[in-house]
1. Starting from 0.36 nm per residue, how many nanometres of slack lie between residue 87 and residue 60 once their C-alpha separation is accounted for?
2. What 222 nm value per residue comes from the helices of the chain, counting each DSSP H run with n ≥ 4 as -39,500 (n - 2.57) and dividing by all residues, nearest 500 deg cm²/dmol?
3. Rounded to a whole number of µm²/s, how large is the Stokes-Einstein D of segment 3-140 at 10 °C and 1.306 mPa s, given Rh as the Kirkwood radius over C-alpha pairs?
4. With r as the distance between the Cβ atoms of residue 97 and residue 27 and R0 = 30 Å, compute the FRET efficiency 1/(1 + (r/R0)^6) and round to 0.05.
5. Kindly rank 42-52, 108-118 from highest to lowest mean number of other beta carbons found within 10 Å of each residue.
6. Given labels modelled 7 Å from the Cα in the Cβ direction, how far is it in nm from residue 49 to residue 104?
Amino acid sequence: MARVDFYILPDADETRRQHYVCRLADKAWRLGHRVWIHAPTPAHASALDQLLWTFRPDSFLPHERAGNDDGVECPVVIGNLPRPDDNRDLLINESRELPADIERFARIAEVVNQAEETRAAGRTRYAGYRDAGHELHHHRMDR
């Protein structure tokens, strides 16, 4: 079973939530994790791709969109299709639903803010992870 960490943000600011997703991916990469960011749509994946280039102007986070066939294996991949390979150990879920292949990950991260729709979807996913027997943790973030 996977370890699932819920990061609970103190406000309803979606921009701040998206930046936290980027910070989480950056930290995971620096710790040596291979990250899959599961986006709900191609448009969401594209927006995250752009944000990962600009969220922190003084650093570089190597990433790519799923489906890039250039032969380079990037540590952070963003996509909305089934993930491209089996060597990813961390899933950052941006979808409002549980991804179909969560059992393939050692760790899963969920970033939830105080927007009612986001909170409700987060509660539903929390129950799904709990019912599937995953190890659940939650972290209240102050900033």
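The numbers here are math on the coordinates, done by the rules we state, and not lab data. The shown structure was predicted, so the numbers you read here are calculated from the model rather than taken from an experiment. Glycine gets a Cβ as well: all are built from the backbone with ideal geometry, and neighbour counts include every protein chain shown.
1. On the way: separation 27, 0.36 × 27 = 9.72 nm, distance 2.17 nm.
Using 0.36 nm per residue and subtracting the Cα-Cα distance, I get 7.5 nm.
2. Working: 3 runs with 46 residues, N = 143.
After summing the helix terms and dividing by residue count, I get -10500 deg cm²/dmol.
3. Details: Rh = 15.1 Å.
So the translational diffusion coefficient is about 105 µm²/s.
4. Working: r = 25 Å, r/R0 = 0.83.
The formula returns an efficiency of 0.75 here.
5. On the way: 42-52: 16.2, 108-118: 18.3.
Ranking, from highest mean packing down: 108-118, 42-52.
6. Rounded to a tenth, the inter-label distance reads 2.0 nm.
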